[in-house]
1. How large, in Å, is the chain by the Kirkwood hydrodynamic radius built from its alpha-carbon pairs?
2. If you roll a 1.4 angstrom probe over the protein chains with everything in place, what fraction of the accessible area of the chain belongs to carbon and sulfur, to the nearest %?
3. Student exercise: in the chain, how many lysine pairs 8 or more apart or on different chains have Cα atoms under 27 Å apart?
4. How far apart, in nm, are two points set 7 Å out from the Cα along the Cα-to-Cβ line at Phe97 and at Ile10?
5. Assuming a viscosity of 1.306 mPa s and a temperature of 10 °C, what translational diffusion coefficient in µm² per second does Stokes-Einstein assign to segment 1-64, Rh being the Kirkwood radius over Cα pairs?
6. Quick one: length gained pulling Gln51 to Asp105 fully straight, 0.36 nm per residue minus the C-alpha distance?
Amino acid sequence: KQWYQRRVAITAGDQLSHTRRHDTPLTASGAVNLTVSFSPITIGKLRIWMQFEEAIRNLKDLGFGDDDVDEIKSIFTDTNMYFLVLTFFVSVFHLLFDFLAFKNDISFWKKEKSTDCDSALIPLL
């Protein structure tokens, strides 16, 4: 076969779903129960997971402890992806509405000519 006809499978270990709670101590006999599983994923998903793993490594470089990193890993691996996306969009809309409310407050106070006695009138409203 020509060099362009050969295909090589991309293999990557899933370090993102491995947390310290999955670690088991070795016994004196040295016997280990090892389970290996293979599952195909798309290149796009592989790239996203690799970006997450790089972000986790950067967190460790910034001084986060192993327990903190494990909690962050479990957020992404133990939670349904649709729920995470929904949470993201709700947060974005909340941020947008906060910005619009703040902008409205600023425009209201710019229109006010005087702010005398406003603090005395607020409890009456």
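1. Working: mean 1/r = 0.0483 Å⁻¹.
So the Kirkwood estimate lands at 20.7 Å.
2. Numbers: 7250 of 11820 Å².
Solvent-exposed carbon and sulfur of the chain make up 61 percent of the total.
3. Working: Lys45/Lys60; Lys45/Lys73; Lys60/Lys73; Lys103/Lys111; Lys103/Lys113.
Close lysine pairs under the 27 Å cut-off: 5.
4. Each label point lies 7 Å from its Cα, and together they span 4.0 nm.
5. Working: Rh = 15.4 Å.
Estimated via Stokes-Einstein, D reaches 103 µm²/s.
6. Details: separation 54, 0.36 × 54 = 19.44 nm, distance 3.96 nm.
Stretched out fully, the Gln51 to Asp105 stretch lengthens by 15.5 nm.
The values are calculated or read from the model by the stated rules, or taken from the named source; none is laboratory data. In this text the structure is predicted, and so the values were computed from the model without any measurement. Note: ideal-geometry Cβ built from the backbone for every residue, glycine included; neighbour counts use all protein chains shown. For accessibility, only protein heavy atoms count, side chains too; no ligands or nucleic acids. Shrake-Rupley method; radii C 1.70, N 1.55, O 1.52, S 1.80 Å.
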